[in-house]
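Step one of this worksheet: look at the structure below.
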Amino acid sequence: MRTVIRDVRLFDGEKTSTDATVLIVDDRVADYDGDLGDIEIDGAGKTLLPGLIDAHTHVFGDDLARALRHGVTTELDMFCLPGHLPAQRALAADRDDVADFRSAGTLATAPGGHPSQLLTAPGIDALDVAPFDIIERPDQAEDFVRARVAEGADYLKIVIDDGAVHGTRLPALGADTATALVTAAHAAGLRVLAHAVTAAEVRIALDAGVDGLAHVWTDEDGALVERVAAQGVFVVSTLVYFAAISDRSAHTPDCARTGTFDGAVRVAQALHRAGVPLLAGTDATPFVPAHGVDLHTELRLLTEVGLTPEQALAAATSLPARHFGLADRGRIAPGLRADLVLVDGDPTTDITATAALAEVWRRGVRQAR
Ligand SMILES: [Zn+2]
């Protein structure tokens, strides 16, 4: 099967060109050979982008299908309950009407630590939450990581969160346990991301040697921004997540959430100015933020913190592919997976155009619109 997209503005994951012709052969982008396609698509007035990658989600039920309907062709899951992981993995491998999926599997958190408090929330019982492995001491780190490798985890996620940003107090992993986990994961060939939402928590994560942060944090600290830059750590933005928890705080005035979103925005601005790679991520769940649609919200928020539209597009395409070692996607080039999004208008100058989806291909399969 050959599909030819003609006369299109092309954002290849890094830079933009005009009047491009792109050939899809089966599941791959190919060198255009000058011939007609079985399907011919007029790209005039449209822009072709790599399929979008959401670098922070939590996948349940039909979330991967929902994501793909909004042009998100890969979701990087940051904690999938063990009872759900095999089914979601099989779905992503076997079907072309859902987003592809990578997962941390079971995250590393202390007994009673974040996100345990969320797993007792109203409505969550429908998700079939079963007990999952937790970790208390550094000497358990090797066994914990071995179990994640057996589970098929693509990277490790560790939680360093004392609950303050959620308006509560929670047990958190100690610095020594965090360090032991990172050491064990790196020995097993896994990247490590930390959930850390205050400057003090991020400092523990950086001391432990993590590769990435799964969120920006919420209280300003210029020296810490410089340290993140110096250590070459990438950061997943999740501004739409902080907007969501700040909204909820309006109904619970006794908690400490007020100003959380503004703080996250200021930290994101500082990280961007310091040259830290910001990857677009939503922290989508079956509740809020929403899979798929809120990645478009996140891209808009990234331009509001100072990224150009092209930089925001890279944050949801080539940048997450590079930092998660996904060499087959995130860019448009011969030989790469044909995960593609065609939109009306020009998102390289107006980021809101990403939501004007005309076509989506997943592994070369054109999605029904
Ligand atoms: Zn999350």
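The values are calculated or read from the model by the stated rules, or taken from the named source; none is laboratory data. None of the values given here were measured: they were computed from a predicted structure. Here the Cβ positions follow ideal geometry from the backbone for every residue, glycine too, while neighbour counts run over all protein chains shown. Ligands, DNA and RNA are excluded from the accessible area calculation, which covers all protein heavy atoms including side chains. Shrake-Rupley method; radii C 1.70, N 1.55, O 1.52, S 1.80 Å.
Observations on the model:
- Any pair with Cβ under 9 angstrom, 6 or more apart, that starts in the range 213-242 at a residue that is on the phi > 0 side of the Ramachandran plot and ends at one that is part of a helix (DSSP H, G or I) and within 16 Å of the ligand (Cβ to nearest atom): Thr238/Ala264; Thr238/Glu298
- Of all the residues in the range 80-100, those that are within 16 Å of the ligand (Cβ to nearest atom) and buried (at least 24 other Cβ atoms within 10 Å of the Cβ) number 1.
- Enumerated strands (runs of 3 or more DSSP E) restricted to the range 1-116, each holding at least 2 residues that are over 20 Å from Val192 (Cα atoms): 2-11, 16-25, 28-30, 39-42, 46-50, 72-77
- Scope the range 152-177; condition surrounded by fewer than 18 Cβ atoms within 10 Å (Cβ to Cβ) and either outside any loop (DSSP other than H, G, I, E, B) or outside the structural domain of Glu75 (by TED's automatic domain parsing) (or both); matching residues: Ala175, Asp176
- Scanning the range 240-254 turns up no residue that is open to solvent by 10 Å² or more (accessible area, probe 1.4 Å), modelled with pLDDT of 95 or more and polar (S, T, N, Q).
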